[in-house]
Every structure is written in C-alpha cells, then in structure tokens.
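Remarks on the structure that follows.
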Amino acid sequence: MSEISRNGGSGGVQPGRIGIGLELDSTHMKILQVLRENGRISVAALAERVGISRANAYTRFEALRADGTIKRFTAEIDHVRAGLGITALIFVTVRQQMWKQFRAELARMPEVEYCAITTGQHDAMIQVRMSDVAEVHTMVTDRLANIPAVKATETVFILDEVLRRPYVLPSDREKARPARRPAQEATNDVPLGKMRFVGAAEGRAALQKDS
C-alpha cells in the first residue's frame, strides 16, 4: 500500500505515517474530502472527483479502511425531526479517586452522545440530546447527582448549532491559513480570542491510562 501512496497524486500536504504504515498523501486527503460530503458515493464517481483511475480509487479506499483511517460509516440525522430538539452541555466535577466509577456509570446512560475529559474548572464535559428541558433536568438531578463520583455539575443549553462538520483534515487548515502578522511582545495578559490552558489533575491522567 505504501508503494501506491508514494506514486499517487501530488500537492502541498505533508505525508504522515498512520496505522499499518500507509503514507497519507494529497490524493488520500482528496478522497477523505469527497467522502466527507457523501459517504455513499460510488467508486467510479469517487475516482472522477479525485482525478484518478477507478482501480486506484478502490485500492486507496480499501487501504484507508484497512489502516483504520476510515473507522466506519454512519448516518447523520436531523435531531429535531427525530424528537431530540434540546441539546445541553453538562460540565462535571469528578471526585478524583472515583474516575472508574464515573466511567462505568456514564457508559450506562444511552442518552449521552459525547463525553470528554477537559482541562480547566471542570473535569469532564457531557453532551446530551433530549426532547425537552424537563428531561435534561431529570437526568442531572436524578441520575448524575446520585452518582457518588460526581461532586458537582453545571448545565449549559445550546441555543443554536452554528457549525458542525463530520471531521476536519490537515488540508482544511492549509486552505484557510491567514497571512502572518507581526509577533506581539510577550506580556502576562492573555490577548482577546486566545486561550490559557490549565493542566489536568492527576486523576484525569490516571483515567486516560485506564482507557
């Protein structure tokens, strides 16, 4: 597969080593860009969009799947039409010696769409989709609050999902990279629009090792 990748298309994207040793080049990136728009596209149409032969497109596509770059295909639904019009982010503070219990309890909550360990004031962020505000309130007060591992929660309701992409690629950054600005003098203040990161607690590091 690496031989196919090296002899493939050209472009400004730097190749990277992934999975079984496949070299990810600009042609692979173009395939991933097309699949992002339509995951059910035929191999013939994919080859035409990318500008390669059908055999090359099929070989590269199968290599991306075998390598694990493409994990799976799934459907994207309209949550409002599916009856889940309320989306909320629940920020959770976890008791640092009880991460395993927190993970186990969270795995038993099918309404949780996404959970991530975070830096900053809270330890984790949970995203849920519900039919109404009352369901969110019930989950937070009756489910999460009764988990011994949960020390505190803070709920934020999402008013509008402005932008949501299936995934982003390094090639996206290359297209949108702005012109460089003169370097700012070093100060102790965080400029507007910048971020300051707070290190994760020891318990969160241990959780990542367990996963």
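Run through the range 78-177 and list the GluC sites (Glu not before Pro) located in a DSSP loop whose Cβ has at most 16 other Cβ atoms within 10 Å.
Numbers: sites: Glu105, Glu111, Glu113, Glu135, Glu154, Glu161, Glu174; in loops: Glu111, Glu161.
For GluC sites (Glu not before Pro) across the range 78-177 that sit outside H, G, I, E and B with at most 16 neighbouring Cβ atoms in 10 Å, the list reads Glu111, Glu161.
Report, to the nearest whole %, how much of the accessible area of the range 81-171 belongs to carbon and sulfur atoms, 1.4 Å probe, protein only.
Numbers: 2990 of 5500 Å².
After summing per-atom areas, the C and S share lands at 54 percent.
Counting only heavy atoms of protein chains, what accessible area per residue, in Å², does the range 70-109 have with a probe of 1.4 Å?
Ligands and nucleic acids excluded, the figure is 70 Å² per residue.
Provide the descending list of Cα extents for the range 40-91 along its principal axes, expressed in whole angstroms.
Taking the Cα atoms of the range 40-91, the three principal extents are 46, 23, 14 Å.
Rounded, prolate or oblate, given the Cα gyration tensor of the range 69-160, with a/c below 1.5 counting as rounded?
Values: a/c = 1.88, a/b = 1.33, b/c = 1.41.
Since a/c reaches 1.5 but b/c is at least a/b, the shape of the range 69-160 is classed as oblate.
The values are calculated or read from the model by the stated rules, or taken from the named source; none is laboratory data. Nothing here was measured: the structure is a model prediction, and the numbers come from that model. Because the Cβ atoms are built from the backbone with ideal geometry, glycine has one as well, and the counts that use them run over all protein chains shown. Only protein heavy atoms, including side chains, enter the accessible area calculation; ligands, DNA and RNA are left aside. Shrake-Rupley method; radii C 1.70, N 1.55, O 1.52, S 1.80 Å.
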